[in-house]
Amino acid sequence: MLLPRFDYHMPMTLAEACSILETYGDEARVLAGGTDLLVDLKTGSIRAKHLVSLERLELSGVTQEQERIRIGSRSTVADLLSEDVVQRHLQPLMDGARSLGSPQIRNRATIGGNLCSARPAADLIPPLLVLDAEVYLSGPKGDRAMTLDAFILGPGRTALAPGEILEQIVVDLPRAAGGGAYLKLGVRRAMEIARVGVAVFLSLEEDGKTIRIARIALGAVGPRPIRALNAERVLTGSRADARTWEEAARTAVEHAAPRTCHEFKCKAVAVLTRRALEQAWRKAVGNGHA
Amino acid sequence: MREHEITLHVNGVEHRLWVPAHRSLIQVLREDLALTGAKHGCGVGDCGACTVLMDGRPVNSCLVLAVQADGHEILTIEGLARGSRLAPLQESFVEKGAIQCGFCTPGMILSAKALLDRVPNPEEPEVRNALAGNLCRCTGYQKIVEAVLDAAAKTREEDL
Amino acid sequence: MKEDFQVIGSRVPRKDAPDKATGSARFIDDLDVSGRLYGALLQSPLAHARIVGMDTSRAERLRGVRSVLTARDIPPVKYGVSPARYDEHVLAVEKVRYVGDEVAAVAAVDLETAMEAVSLIRVDYDPLPYVLDPFEAMAEGAPRIHEQAPGNICVEVHQEFGDVEAVLESCDVIRTGCLKSKNQDGGFLEPHGSLAVYDLQGHLTLYSSTQAPHYVQRTVAMVTGLPMSRVHVIKPYVGGGFGPKAEATPLDLCASLLSMRTGRPVKMNYTREQVFLHSRARHRFFHEMSIGALKDGTLKALRHQCVLDGGAYASFGIATAYYAGSLLGGPYRLPNMKYDGYRVYTNKPACGAQRGHGGVHARALFERQLDLLADDLGMDPVELRLRNVMNAGETTCNQLNMSSLGMRECIEAVAAKSGWKQKRGALPRGKGIGMACGFFVSGAGYPIYRSETPHSTIRLEVHEDGGGVTVYTGSAEIGQGSDTVVAMIAAEALGISYSDVLVRSGSTDYSLDLGAYSSRQTLMTGHAVKRAAEDAKRKILEAVADVLVVDPQGLDIRRGVVETDGTPLDFAASRMRYVQEHRGWTDHPTGDRLTFREAARLAFIRNGPVVGLGSYKPPPLGGEYKGAAVGTSPAFGCSAQVAEVTVDLETGQVVVESVTGAHDCGRAINLTQVEAQMQGAMSMGLGEALFEEVRFDETGRVANPTLGEYRIPTILDMPKIECVVVESDEPNGPYGAKEVGEGAIMPTIPAILNAVKDAVGSAPDELPLHPQRVLGVIMRDGESSGS
C-alpha cells in the first residue's frame, strides 16, 4: 500500500515543533511511532500534507521524582514494559501495554500516540485514567496541564490546541497497599482491538479490608474511555469482598453508552469489572504485606 | 518533491540514499537495495510478513518511514546466513519442517532471533508471545515453536 | 508391513526450505523486469449497476500512462472455471455485479501514476437493486444478476440414492438440525500478483502467484486469442493458495492484455483489501440435515438440503455445490442419501474453492448431528462412529470406492491418545471434549473441463554426465511440499539419492499438470513421476545390459548402484573409459558395483539423451447419475480428530486447549510434511470455527477487508497438536500414498462444536463461535432450564 506524499519536518526543539504545527494547522500531523498515523494515511482516513516528526526531541524516558512518575510522551509501549518503575507500581499500565497490538507494534507505538489517537478502544487510556494521570502539553502559547479525563474528548479528538504537543504524562506514585489491573475482551489472543476494556485501581486502608481508593475506567463501550464514577462510589469505604465486587460490577454497566453497548457487551463489562477488581485486590493485599 | 539524505546500516553495510519522505522502509529495502526477503502481506501492520530488526527489535517495516530509519541498524533475513552457512535458527527451521510456503518465514525468523538474542533459554510461552505478531496460515505454528526451541538449544550447546 | 524404502517415509528436509529460510526464494512481487509498467484496476463501488457511460480521456492524458483498458478494447470472450458456466468478462460489459467488479485497467510507468489514472476515470452508473442474501436472491421478484440464471440459481443439484423418505420412517431415531456459516477467506499471507511479458515473437510469458498454471494458461489463451503454445505460465514461489488461487484472476488477464497492447512487461498486484474483494474463497453455507438411525446405532438415511451463497460469478461453485452433497457418502455406511443443493448468485464477491471445498461445513453439521444421535441412543460418540465406519474396498451409496480407508485406525488412535475414555463425561462444566471424522478426495476424478487429457505428465531428464536427474513438472509447489514429494518419489523409483534429484516445477513449459487443487498432486503427479523414473531406469539398464552383454531383467538400481540378481557384472572396461574421460576429476567411482553415475553416462553415450516420460490419468470413476463425476477420486484420505476446549461461561470465549488428530494418508512420503499439513489444516479449521467471517455492509462492500479484522489464528490461539499418521497403503497411490492437505481439515470444526456442546450443553447452529454467539447459547439454555 502506498503512502500519499507529504513534507517531512524534523524539528530540533519542542518549540520549533509547535511552531511548525501552528503554521500548517489542519494540514500537519505529529508523527511519533507511526503505527496509527501511517495506517490512517494509507487508508485515506486522515489526510496530511506535513508530518512533524518528534524523533529529534528528548521526549522519551520514565523518571521518578519523589511521589511523581513522569513518562515522556515518546516512550514506546515496549519501553514502558521494560521500565522497573512501571512494572512495580503501575500494574494497570503494564497490563494495557502488554495487551496492545503485537511485539512489532509495541516497539514503535508510543504512549503519546495512543493518547492522542484517542481511539475508543485504546489500551493505555483506561489504565492511565485509573492512575489519575495528568497530561502536560506544550504549545506556542506556553505550557499547561490537565487531567487525562479532560484531555480525551471523543473518538480521535483531544483537547490539544493548534500547535500543541503532548509532552509528558504524569501519575502519582500509588500508595502502598495499592493494586490494579486491566482486562480486555477480544476474539483472538493477540493483535486484538478491545471490544471491552476495563481498568481498575484499588488501594486499601491499613486494616487491609476496607477500600480507601477505588478507580474504574471502561474502554470501548462509548465514544471515549471513561471513569465509572458510580461504581467507584460503591467501592470507596466499602468492605473488600465478593459482594462489593458484584455490586460495583453491576453499577459499572450504567456507564456504558447505550448505543455501543448491547446486552453482550454490557454483560462483559460487568464480568471484566468484577474480575479486574478481584485481581487488583489480590495485588493490593500482596503489596500491603510487602 | 523533496528528497532526504539518509544512511541506513543494513546487515552491517552502510548505504547512503536519497529518498522522498513518503517511502516506507520496506519499499526502500525491497526496491532500492534489492533485499526482497521482507514481504508485503498487508501494508498496515496486521501480519508481520515485513518484519525486520531495527536496533535489534522487531518492527513492521511497512509502518516505518525510510527517513525514520536514518542512522539505525537494520537486520533483514538476508543478513543472517554467512555465505552458504545458515544461522542456527535457519537450520532449525529447515530441519524441523517449520517452513511451508515460506512467505511468513523471514519475518518469523527475525522475530525469533530478537527473542533468542535477549532470552537464550526461553520457555514455550515466551516463544509464542515473541511471535504473536507474525501470522502464518500454513503451519499451525507448531513446528515453528519446535524450531525456535531447537535453535535455542543448539546455540547454547555451541556456546558451551 | 514396513517396506524397505530408501527415501520414502523419511523426514528429509524440503528442497525449497533453505531458499525460503534465507529470503532468496522469489515470489511474484520479488520478480522484476526492466522496462516494466505497473497496472492498476478500477473497481465498482456499487453492488449492482448498469454502466451508462465511461470517460477515460483524462486518465489517458495523464503523464506516464501507457494504456487504459476497458471492455470495448477486449474481445468479448466469457470465461470462468466450469465451461458450462463461463459467466465472467475480464472487464465489465454493460453492468457490474458486486462491489469490486473490475471495470477498467491502467498501465503506467509506476504504481502511483497508475492509481492516479484510475481515479481519473469517470464512470456513470445506473444503480440497480441488489441482493446480498441467497434466500432473497431466490425469492420472487429479486433482481436478476445474470440474464441466463432465473431465480439467480447458478446450479441446482438433486440426487437421491436409495429411498430416503421411506427409510427415515422406519428409523428409531431421527435428528434434524441446521448449520449456518459465513463467507470466509483463504487468508494466505501473499496477495495475488501477476507479471506479464509479451515479447516481439508474439509469445506471452505470464508469471503468476497461482496454484494452477495449466488452468491459467487455458483461460489466458482463450481470452486473449493467443494459441496455447504461445502462452507460457510460470509460477514462482507462492505464499499460500488454499483454493482461491486455482483460477485465472483479473490480474492475470489484465496484465496479459496490457502487455500485449503496450509491448511492455506489466506487473500487477492485489492489495490485501483487493484480495478480499476478489475472494474466490469459502462459500457461505446454509445446511439442513435429517439423519435417521436404528436404535443399535446403525445409520440408515440422510436427507440433506443446502443453499450456497455463491456471490456474483460461478467460479468453482458448480463443483462446490456437488461436493457439499457427495462428500457425505462416506466414511460411514449410509445406504440412503438425498441431497438437494442450490448455489445462488448474490451481489457479493464470487466464492470458489477453499481447502476441503464444499465438504467442510456439510461435514461439520453431519458430525455434530451424529453426536446428538449418540446422545439420543445413549451411545459414546466414538462407539457410534466405529459401529458405522466403512471398510476398505466398500463403495458408498453414491459410488465412491474406498480403495483404502484407515478410518477405524484413525478413530481408535485419537481416542487412545487423547484419553477420550477417561475424559468423556468426566469434565467439569465449562470444559469439553469432542470428536469428529472426515474424508476427502485425492484429486478430482475428472478435470474441470471435459477432456480425456492426462492429469499429470512428467519429463525426467538424466544428466548426460550421470550425476543426477532433473524432473520437469507443471505441478505447483505452493507450500504444501509437492516439489519435495516429487523428488522423493523420483529418487526412490530410480534408486538414487534424494540429493541427486533436482525438481523444476510450476511452468506450463515443463509439462502438463492440472495443478494444486483437490489434494491431487501426491497421488497423481506422484504416479507420473514414478512412471517417468521407472522409464528412465529401464532405459539406463537396457543400455547397460546392451553394453555389458547381460540380461536386463536381472538388473536394478538401488542406493545409487546397479544391482544384479547374482549374475556378475564385468564393468571394468566401462569404468576405465569413464575414468579416462574424467581425467583430472578427484572423485572417480570406486567400489565393486557399477555406479548410477557410470550407468547413466554409459546410456547417454550409447543411445543419446535419456529422458523418462510418465503420465497419469485416473481410470473412469463414478456412477452414471448426473454429477457423479464430482466426488470421484482414485483414492480418499481420511481423518479423525479430538478437540478439548475451555469455555468461559461468563464471556462465551472458547479456547481450544488441545487437538489430537490422526490422518490416513495411505503412505507418508515425507513424515514431517504430512504432520505439517495436518497441523496447518487444523489451524485453518480452528480459525473457521472460532474467528473467521467476512462481513458486508448494507451497500455490499466487504466491511472487514484486513487481516486485523478478518481473524486468522495467531500463534497464541493455536494449541498443542498431537499428530498420528496412519498408513493404509492405498492400492491406487504411488507407493501407497494418497492425500492429506484437505482431508485433515474436515474433522476440525465439528470436533470443536462437539467439544463446546460437551462443555456447556449445546453448541450454536451458526459459525463462527465468537464469544457473543456462544454466550447467547449458554444464557438461552440457562433460561430455559429455569436457572
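The values are calculated or read from the model by the stated rules, or taken from the named source; none is laboratory data. Treat the numbers as computed from the prediction; the structure is a model and nothing was measured. Here the Cβ positions follow ideal geometry from the backbone for every residue, glycine too, while neighbour counts run over all protein chains shown.
Quick notes on this structure:
- Restricting region C:1-32 to residues that are of a type in the set (A, V, I, L, M) and within 14 Å of another protein chain (Cβ to nearest Cβ), the residue that is nearest to C:Leu91 (Cα to Cα): C:Ile28
- Residue match in region B:64-81 (condition: buried (at least 24 other Cβ atoms within 10 Å of the Cβ), under 10 Å from the mean Cα position of the chain (by Cα), within 17 Å of B:Leu131 (Cα to Cα) and more than 8 Å from every other protein chain (Cβ to nearest Cβ)): no
- Filter result for A:Ala161 (at pLDDT 95 or above, surrounded by fewer than 19 Cβ atoms within 10 Å (Cβ to Cβ) and of a type in the set (Gly, Ala, Ser)): yes
- Positions within region C:459-497 being touching a Leu at 6+ places or on another chain (Cβ under 7 Å) and of a type outside the set (S, T, N, Q), in sequence order: C:Arg459, C:Gly468, C:Val469, C:Val471, C:Gly474, C:Ala490
- Test result for B:Leu131, out of contact with any His (no Cβ under 8 Å at 6 or more places or on another chain) and more than 8 Å from every other protein chain (Cβ to nearest Cβ): no
- Selection count where residues are in the same structural domain as C:Asp252 (by TED's automatic domain parsing), free of Cβ contacts under 8 Å to residues at least 24 places away in the same chain and of a type in the set (D, E, K, R), scope region C:82-141: 1
- Failed criterion for B:Ile26 (all others in (1) buried (at least 19 other Cβ atoms within 10 Å of the Cβ); (2) more than 13 Å from the chain's Cα centre (by Cα) hold): (2)
- Of everything in region A:82-99 that is more than 14 Å from A:Ser60 (Cβ to Cβ) and within 11 Å of chain B (Cβ to nearest Cβ), the residue that is surrounded by the fewest Cβ atoms within 10 Å (Cβ to Cβ) is A:Arg98.
- Residue within region A:258-272 that is at pLDDT 95 or above, under 22 Å from the mean Cα position of the chain (by Cα) and among the hydroxyl-bearing types (Ser, Thr, Tyr) present: no
- Selection count where residues are without any contact (Cβ under 8 Å) to a residue 24 or more places away in the chain, crowded, with 20+ Cβ neighbours inside 10 Å and away from chain C (no Cβ under 13 Å), scope region A:238-271: 2
- For region C:437-491, filtering for residues that are crowded, with 23+ Cβ neighbours inside 10 Å and assigned to a strand (DSSP E or B) leaves 13.
- Filter pass, C:Ala25 being free of Cβ contacts under 8 Å to residues at least 12 places away in the same chain, under 16 Å from C:Ile478 (Cα atoms) and within 27 Å of the chain's Cα centre (by Cα): no
- Here the condition is being more than 22 Å from C:Gln677 (Cα to Cα), without any contact (Cβ under 8 Å) to a residue 24 or more places away in the chain and in contact with a Ser or Thr (Cβ under 9 Å, 6 or more places away or on another chain); of C:Leu555, C:Leu460, C:Leu502, it holds for C:Leu555 alone.
- Residue within region C:451-459 that is more than 27 Å from C:Gly622 (Cβ to Cβ) and modelled with pLDDT of 95 or more present: yes
- Checking C:Ser256, C:Ser315 one by one, the residue that is in contact (Cβ under 8 Å) with a residue 40 or more places away in the chain, hydroxyl-bearing (Ser, Thr, Tyr) and in a loop (DSSP other than H, G, I, E, B) is C:Ser315 and no other.
- The criterion of at least 2 residues that are in contact with a helix residue (DSSP H, G or I) (Cβ under 6 Å, 6 or more places away or on another chain), crowded, with 17+ Cβ neighbours inside 10 Å and at pLDDT 95 or above is met, among helices (runs of 4 or more DSSP H) falling completely within region C:74-177, by C:134-138.
- Scanning region C:1-22 for residues that are assigned to a loop (DSSP other than H, G, I, E, B) and within 24 Å of the chain's Cα centre (by Cα) returns C:Ile8, C:Gly9, C:Arg11, C:Val12, C:Pro13, C:Arg14, C:Lys15, C:Asp16.
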